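Single-structure report; data block below.
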Amino acid sequence: MYELEIKNLYKIFGPTPEKAYTMSQDGITKEEILKKTGNTIGVNNASFQVKKGETFVVMGLSGSGKSTLIRCLNRLQDPTYGEVHVHGRNIVELSADELRTLRRKSMGMVFQNFGLFPHRTVRKNVDYGLEIQGVPEEERKKRAYEVLDMVGLKGYEEMKPAELSGGMQQRVGLARALVLDPDILLMDEAFSALDPLIKRNMQDELIALQEKMQKTIVFITHDLDEALKLGDRIAVMYEGEIVQIGTPEEILTEPATDYVRNFVENVDRSKVLTAETIMKKPLAVTDTKEGPKAAVRKMKQEEISSIFVVDSKRILQGVVDIEDAMKLADKGEKSLKSIIKTDFDTTAPDTFIVDLLPMASAAKYPIAVIDDNRKLLGVIVRVSVISGISREGDNGNDE
């Protein structure tokens, strides 16, 4: 079961939403509907699912409908049509009391403009939701202090918001949502008002917190770099519609529309794409049971000058040069053991291309991509790293 599931969601503003909905079903554009009816379609037939522990980013330019969408997820704005399922229950059908209970216990929200009470201390801002719930003061204080420590604000608990920087105030807003221990965290342009350096720091902080908390997060942004950095998956919105959903790599490498293609055109791919994206199947490997003659034959067949050595479970043992293998074969040796080298570079599949650049520039052999058990998954040659950065797909087989 998904933590959050949205089905055919519409939010229509105006006097005759039923008419606008019917016209939308007939394929009439948003502009024509506005012109003919005076209705604006803020969200147009949005459907997606969010898994438990996933950071799902909704990205789009101003006016794309992303902020309207997130406000429908906890019914700060009631959807006009469609369903919003939280833990399998359609919250569109909840009463006002049931909705308040859901918001208090299951969903937290962090806004762009902080929304802190200037007359309350940092701690009292954070424990406000607990106070509304009737939690005793000592318990409120204890939990607020714990969460403020978690977001890096230990020592600032009894200060007023005006005494904090913008980034610190946003941490207070985040702590206020987290203190209720919600299953789902909604973040609406949470870092957009921050200076670039503070913004990057907050992004890093959220990533670190998410590794510990494993909350289900829906994060709204107009910043593509932020979306690519934070999102496990990204939904791209345009004029109220979700035009593509995919992983950061899928959004970059397989844009579904010209709009998405133009959006990602100037992204630094080396900071997003990973080794897994550009690695290739090894043209040939040799088994530890095979001898130098077999290794030489494979290298000549594939026109390569070195070959990786694996065992029967494909666990990487090392690499062999063709010159060394030919010398052993001339001597009549049956084992490769004496010439297997281990001084070559390896990497994990999730390593970013930018981190492979120093390795690739000095590598004598292809870079071996291995898993945690040293199983050989693929190889990366220098041209693959370069092509991965330059956006050109590499179809060569040079090893």
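Just so it is clear, none of the values below were taken in a lab; they were calculated from the coordinates. None of the values given here were measured: they were computed from a predicted structure. Glycine also receives a Cβ, built like all others from the backbone with ideal geometry; neighbour counts cover every protein chain displayed.
Please identify, among Ile28, Ile234, Ile70, the residue showing maximal mean-square fluctuation in a Gaussian network model of the chain using a 10 angstrom Cα cutoff.
Among Ile28, Ile234, Ile70, the largest GNM mean-square fluctuation belongs to Ile28.
Relative to the longest principal axis of the chain, what angle (0 to 90°, nearest 10) does the C-alpha long axis of helix 96-105 take?
It is inclined by approximately 40 degrees.
Using amide H atoms built in the peptide plane, which far-off residues or other-chain residues are under 5 Å from Met109 H to H?
Sorted by chain and number, the residues that satisfy this are Leu186.
What is the count of Lys pairs in region 249-322 whose alpha carbons sit under 27 Å apart, if the two are 8 or more places apart or on different chains?
For region 249-322, the number of qualifying lysine pairs is 18.
Provide the FRET efficiency to the nearest 0.05 for the Asp78-Thr101 pair, computing r from the beta carbons and using R0 = 22 Å.
After rounding to 0.05, the efficiency reads 0.80.
Can you tell me the alpha carbon radius of gyration of region 275-390 divided by the globular rule-of-thumb value 2.2 N^0.38 Å?
For region 275-390, the normalised Cα radius of gyration is 1.06.
Considering only Gln169, Gln244, Gln301, give the residue with the highest GNM mean-square fluctuation for the chain, with springs between Cα atoms whenever their separation is below 10 Å.
Between Gln169, Gln244, Gln301, it is Gln301 that shows the largest mean-square fluctuation.
Skipping prolines and chain starts, which residues have an amide H placed within reach, meaning under 5 Å, of the one on Thr55, given they are 5 or more residues away or on another chain?
Long-range HN contacts for Thr55: Ile217, Asp232, Arg233.
In debye, nearest 20, what is the charge dipole magnitude of the chain about its Cα centre with +1 on Lys and Arg Cβ and -1 on Asp and Glu Cβ, if you could check?
It comes to approximately 520 debye.
Could you give the nm distance between label points at Ile132 and Ala284, where each point is 7 Å from its Cα heading toward the beta carbon?
6.9
Could you tell me the calculated FRET efficiency between Glu323 and Met359, based on Cβ-Cβ distance and R0 = 25 angstrom, to the nearest 0.05?
0.60
Can you list the residues, at least 5 places off or on another chain, whose amide H is less than 5 Å from the amide H of Glu241, using H built in the peptide plane?
So Glu241 has HN proximity to Asn44.
Can you give the angle from 0 to 90° between the axis of helix 292-302 and the longest principal axis of the chain, with both taken from C-alpha atoms, to the nearest 10?
Tilt of helix 292-302: around 60 degrees.
So how tilted is helix 353-362 from the main axis of the chain? Cα-based, degrees 0 to 90, rounded to 10.
Tilt of helix 353-362: around 20 degrees.
Taking the Cα centre of region 275-390 as origin, sum charge times position over the Cβ atoms of Lys and Arg (+1) and Asp and Glu (-1), and report the length of that vector in debye to the nearest 20.
460
Give the calculated FRET efficiency between Gln214 and Thr16 to the nearest 0.05, with a Förster radius of 41 Å applied to their Cβ-Cβ distance.
Once rounded, the FRET efficiency stands at 0.40.
Charges at C-beta only: +1 for Lys and Arg, -1 for Asp and Glu. How large is the resulting dipole of region 158-236 about its Cα centre, in Debye rounded to 20?
It comes to approximately 60 debye.
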